[in-house]
Structure formats: C-alpha cells, structure tokens
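The values are calculated or read from the model by the stated rules, or taken from the named source; none is laboratory data. Just so we're clear, the structure is a prediction, and the values are computed from it rather than from any experiment. Don't worry about glycine lacking a Cβ; one is built from the backbone with ideal geometry, like all the others, and counts go over all protein chains shown. Surface areas here come from the heavy atoms of the whole protein model, side chains and all, with no ligands, DNA or RNA. Shrake-Rupley method; radii C 1.70, N 1.55, O 1.52, S 1.80 Å.
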Amino acid sequence: MNTRSKSSLFLIELVLVILVFSLSAAVCLRLFFESRLISNESRNISQASLAVQSVADVYKAMKGDYLKTAEFLGGSANDDSVDFYYNEIWEPVDNLADASFIIQLQEINEMHRESSVTASTLDGDPIFSVVVRGGLSFD
C-alpha cells in the first residue's frame, strides 16, 4: 500500500510540474509576441521619420514646388496634397493598392509658408509628422 501512495504522489507532482512549465511557456510566448509588436512599431517609427525627413528635404530643395517634389520622388499630386506610397518594408511603390503606408505633403498655412509632411498607415493612424517652414515659393 505504501508504494501505491508514493506513485500517486509522484503523478500529482508530475502534473503540477507540467502545469507550471506550461504556464511559464504561455507567459514567455506572450512576452515574445509583445516584443515583436514593439519592435515592428519602433521600426515603423524609425523608417517613417527617415522617409518624412527625405520628403521634407526634397520639398525644400525644390523651393516649395509640389509638382516637382512629386515628380522627383514618384508621388501622386492631388488638388491640395502630394501622396507618396510605401509597402510594408518602407520601399516606395507606385499605387495605393500595393501600399501599407502613405506620406502626405500638404500646405497647412499659406500665410506663414508652412506645409506638413505626415506619415501614416492606410487606416489613417499617424506615425510621424513634420512641419516644413519657408518651403513655399511665391514667384
């Protein structure tokens, strides 16, 4: 009878150890998933800031000409803005169908010669934005 109680105690201990390890594994997987999400978000912010700064610099170099900026960087000019499309790894693409992110250059205050360059997801969630001052040309 003594050996039977030892074997049942061993089985209970074994089940408890398996339970503890499975809970630990679940917590670790959750942390790995969250760290991957944070890493992707950091990468997107970093890449968005580089792309926004590039668009702002080209816009200023073109003396505030939206059409020249769009032509130089391969964007599409609208009535009030210029859109630049990027895929999920921040490479420029030609159309909205292939895009995961969009950078929009638009005038926000003509009187103070200010324009904004904003990177966002296709859902409209902003990632990074810069105000460009003095880029407009009044020739």
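Computed quantities for the displayed model
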item: Top of I12, I103, I127 by mean-square fluctuation, Gaussian network on the chain, Cα under 10 Å; result: I12
item: Expected 222 nm ellipticity per residue - DSSP helices of 4 or more, -39500 (n - 2.57), all of the chain, to 500; result: -18000 deg cm²/dmol
item: Å² of accessible area per residue within the chain, as computed with a 1.4 Å probe and no ligands counted; result: 70 Å²
item: GNM result for the chain, Cα springs below 10 Å: residue of E107, E91, E34 fluctuating most strongly; result: E34
item: Accessible-area composition of the chain, carbon plus sulfur, in percent [1.4 Å probe]; result: 59 percent
item: Label-reachable residues, the range 82-110, where backbone N falls under 16 Å from a point 7 Å from L67's Cα toward its Cβ; result: 82-83
item: Among L16, L67, L122, residue whose mean-square fluctuation peaks in a GNM of the chain (springs only between Cα atoms under 10 Å); result: L16
item: Dipole-positive endmost among N87, S8, S46 within the range 1-88 (Cβ charges, Cα centre); result: S8
item: Cleavage-rule hits, trypsin sites (Lys or Arg not before Pro), the range 12-114, DSSP coil, Cβ neighbours within 10 Å at most 11; result: none
item: Nearest-20 debye value, the chain charge dipole, Cβ charges on Lys, Arg, Asp, Glu; result: 1160 debye
item: 3J(HN,Hα) from dihedral phi, the range 121-130, Karplus parametrisation 6.51/-1.76/1.60, rounded to Hz, x for glycine, proline; result: 6, 5, 6, x, 6, x, 10, 7, 9, 9
item: Peptides 95-101, 83-89 ordered by average Cβ neighbours within 10 Å, highest first; result: 83-89, 95-101
item: 0 to 90° range, to nearest 10: angle between helix 2-61 axis and the chain longest Cα axis; result: 10 degrees
item: Answer label, with volume of the Cα convex hull per residue in Å³ calculated from the coordinates and candidates [x] 114; [y] 99; [z] 126; result: [z]
item: Relative contact order of the chain, pairs being alpha-carbon contacts under 8 Å that are 6 or more residues apart, as %; result: 18 percent
item: Efficiency of FRET from Cβ geometry, L122 and E41, R₀ 22 Å, rounded to 0.05; result: 0.90
item: Set of the range 77-108 residues, backbone N closer than 20 Å to the point 7 Å along the Cα-Cβ line of V130; result: 77, 81-87, 89-93, 101-108
